[in-house]
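A quick write-up on the structure given underneath.
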Amino acid sequence: MSLPSKENFSEWFHEIIQNAEIMDVRYPVKGLYVWFPFGFKLRQLVYSKLREIMDREHHEVYFPALIPETELGKESEHIRGFEDEVYWITHGGLSPLEVKLALRPTSETAMYPMFKVWIRTHSDLPLRVYQIVNTFRYETKHTRPLIRLREITSFKEAHTAHRNYEEAEEQVRKAIGYYKEFYDFLAIPYMVIRRPDWDKFPGAVYTIAFDTIMPDGRSLQIGTVHHLGENFARTFEIKYEALDGNHYFVHQTCYGISERCIASLISIHGDDLGLVLPFEVAPIQIVVIPILYKGKEERVLEFAKELIEKLKGFRVVFDTGEDRPGAKYYKWELKGVPLRFEIGPKEAERREVIVSFRDERKKFSIPIEEIDEKKIKLWGDEMRDRLRKKAVEAILAKIKFVKEISELSENVKNFVVIMHLCKSKNCGEEIENFGGKLLGWLEEIPDFIDHSAEGKCIVCGDKGFLAVSARSY
Ligand code: P5A
């Protein structure tokens, strides 16, 4: 079955998820989906990069999935932000529970009562932990696999505690650096945006988000970093004894990424033929296809085996199945295999291999002697650079810089709009009247945007900063 064109993004996404065997969408609970083995392998490869980055200065932990109502309700802004989204466990068997238990929507209120007992003195700080777990949110907006889930299966959440505001802020900068490294590794372009005050994480002092742009021109928030200040520390009484003998509240941060990273990976790099995956995260990195003609099979198979010997250490499929070569190309293209090697009788004769890359799809021949680990890794790196370049071009085609407020309503229908805007709530709200959501102000100007950081606010004419408005997922 062929895919719909990526021009019809919503349909394309739905079909590719199922056909490329990422997620099975037939599970009978809204907003919950099943990982296929192939999708789960992709998840594992992507998350092992995230783990590698986290493990440098965080300790991995595991906290329970159930949070007592008494804890979840303690921080008033936090609970106000989440109350509509919490799943409650009210019974154990037939007996009503004395204290209702929430299925964690996120783990601040599970972790911080324990931070209170873990942290005693300045030498316990900084404390940096992370976990990769499932979380539950009763989302009322349209649910979609990998994008808007009611069970987020792959929630990487990091939580840190520090001696003061500045040290926590330093951690915010580091977290932004970690997420940049992660998304650069996936060749996904992003914008780092400071959310408006009225749209920050419930309980945070401020929120900085990573947003990317999907092929339909809608923005997707693919990660967030929050400075929590002392807000939670005061509620949960998390204090440390300083060198001066006094007790102070800790300052905290938290930051999270979900399987939306995989949604963006699939959506941004994929094409009409299927997945296009960066070499390092492709569950199958290389497919070797022998072209077999009667009487010459043995030569070809022997040569193919010689090639496969050289590919040890990579994830390789040797496709000797009955299908015609065309059907095989089609199958492995759908799965996003970055490198395809073909061998026919002529190649076996000349000791050559036909090579093609999933993204470029042009073929060339190369002597088998020239294929080694170094060369393959180089091809992988070059492919990542091409993917990033292509992704940036696609994203640029979806961005419009707007100078006059009169241009807003038309452009926000089809584009992510960038403009100069002051930081007042009035002007921010005015922008939202034109249909797009105000994502906030660019915290850093990405290399693909070349407008001056400051200019006149598009609404009031005061000093403005580069702001982004979009229809968002
Ligand atoms: C940070 C980690 C938090 O929950 N607490 C711990 C903080 N932040 S957040 O912005 O609410 O969520 C972090 C990221 O998770 C993704 N996300 C989702 N992904 C899929 N389905 C959902 N329903 C969903 N909700 C949030 C977003 O990428 C978000 O930035």
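Overview of values
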{"read-out": "Checking His247 against (1) crowded, with 24+ Cβ neighbours inside 10 Å; (2) without any contact (Cβ under 8 Å) to a residue 12 or more places away in the chain, the condition it does not meet", "value": "(1)"}
{"read-out": "Helices (runs of 4 or more DSSP H) contained entirely in segment 296-396, each with at least 1 residues that are in contact (Cβ under 8 Å) with a residue 40 or more places away in the chain and within 30 Å of Phe415 (Cα to Cα)", "value": "325-334, 373-396"}
{"read-out": "Selection status of Glu241, in contact with a helix residue (DSSP H, G or I) (Cβ under 9 Å, 6 or more places away or on another chain), within 30 Å of Met383 (Cα to Cα) and away from the ligand (no atom under 16 Å from the Cβ)", "value": "no"}
{"read-out": "Residues of segment 21-34 satisfying the condition of being surrounded by 15 or more Cβ atoms within 10 Å (Cβ to Cβ) and over 20 Å from Ile268 (Cα atoms)", "value": "Gly31, Leu32, Tyr33"}
{"read-out": "Test: residue in segment 258-269 that is in a loop (DSSP other than H, G, I, E, B), more than 13 Å from the ligand (Cβ to nearest atom) and buried (at least 20 other Cβ atoms within 10 Å of the Cβ)", "value": "no"}
{"read-out": "Segment 184-237, residues that are among the hydrophobic types (A, V, I, L, M, F, W, C), over 24 Å from Ser76 (Cβ atoms) and open to solvent by less than 30 Å² (accessible area, probe 1.4 Å)", "value": "Leu186, Ala187, Ile188, Met191, Val192, Ile193, Phe210, Ile213, Met214, Leu220, Ile222"}
{"read-out": "Residue selected from segment 153-168 under the condition touching a strand residue (DSSP E or B) at 6+ places or on another chain (Cβ under 6 Å) and in a helix (DSSP H, G or I), by the criterion most open to solvent (accessible area, probe 1.4 Å)", "value": "Tyr165"}
{"read-out": "Verdict on Arg150 being of a type in the set (Lys, Arg), open to solvent by 30 Å² or more (accessible area, probe 1.4 Å) and either closer than 13 Å to Gln252 by Cα or modelled with pLDDT of 95 or more (or both)", "value": "no"}
{"read-out": "Any chance Gln171 is more than 24 Å from Pro28 (Cβ to Cβ), part of a strand (DSSP E or B) and modelled with pLDDT of 95 or more", "value": "no"}
{"read-out": "Some residue of segment 109-122 being of a type in the set (Gly, Ala, Ser), within 11 Å of the ligand (Cβ to nearest atom) and not in a strand (DSSP E or B)", "value": "yes"}
{"read-out": "Selection within segment 435-447 - in contact with an Asp or Glu (Cβ under 9 Å, 6 or more places away or on another chain) and either outside any strand (DSSP E or B) or open to solvent by less than 70 Å² (accessible area, probe 1.4 Å) (or both)", "value": "Leu438, Leu439, Gly440"}
{"read-out": "Qualifying position, being more than 26 Å from the chain's Cα centre (by Cα) and either exposed (fewer than 13 other Cβ atoms within 10 Å of the Cβ) or at pLDDT 95 or above (or both), among Ile395, Ile399, Ile405, Ile368", "value": "Ile368"}
{"read-out": "Conditions (1) exposed (fewer than 13 other Cβ atoms within 10 Å of the Cβ); (2) assigned to a strand (DSSP E or B); number of the one not met by Ser452", "value": "(2)"}
{"read-out": "Test: residue in segment 177-188 that is over 18 Å from the mean Cα position of the chain (by Cα), more than 23 Å from Phe36 (Cα to Cα) and outside any strand (DSSP E or B)", "value": "no"}
{"read-out": "Condition check for Glu83: among the acidic types (Asp, Glu), in contact with a Pro (Cβ under 7 Å, 6 or more places away or on another chain) and either surrounded by 13 or more Cβ atoms within 10 Å (Cβ to Cβ) or part of a helix (DSSP H, G or I) (or both)", "value": "no"}
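One line per residue, one yes/no per condition, for (1) over 16 Å from Ser264 (Cα atoms); (2) out of contact with any Ser or Thr (no Cβ under 6 Å at 6 or more places or on another chain); (3) of a type in the set (A, V, I, L, M, F, W, C); (4) open to solvent by less than 80 Å² (accessible area, probe 1.4 Å):
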position: Glu11; (1), (2), (3), (4): no, yes, no, no
position: Ile16; (1), (2), (3), (4): no, yes, yes, yes
position: Asn19; (1), (2), (3), (4): yes, yes, no, yes
position: Phe38; (1), (2), (3), (4): yes, yes, yes, yes
position: His58; (1), (2), (3), (4): yes, yes, no, yes
position: Ala65; (1), (2), (3), (4): yes, yes, yes, yes
position: Glu77; (1), (2), (3), (4): yes, yes, no, no
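For (1) farther than 30 Å from Ser10 by Cβ; (2) within 10 Å of the ligand (Cβ to nearest atom), each residue gets a yes or a no:
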{"position": "Tyr138", "(1), (2)": "no, yes"}
{"position": "Ile147", "(1), (2)": "no, yes"}
{"position": "His159", "(1), (2)": "yes, yes"}
{"position": "Tyr178", "(1), (2)": "yes, no"}
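The values are calculated or read from the model by the stated rules, or taken from the named source; none is laboratory data. Everything numeric in this text was worked out from a predicted model, so none of it was measured. Don't worry about glycine lacking a Cβ; one is built from the backbone with ideal geometry, like all the others, and counts go over all protein chains shown. We work out accessible area using only protein heavy atoms, side chains counted, and drop any ligands, DNA or RNA first. Shrake-Rupley method; radii C 1.70, N 1.55, O 1.52, S 1.80 Å.
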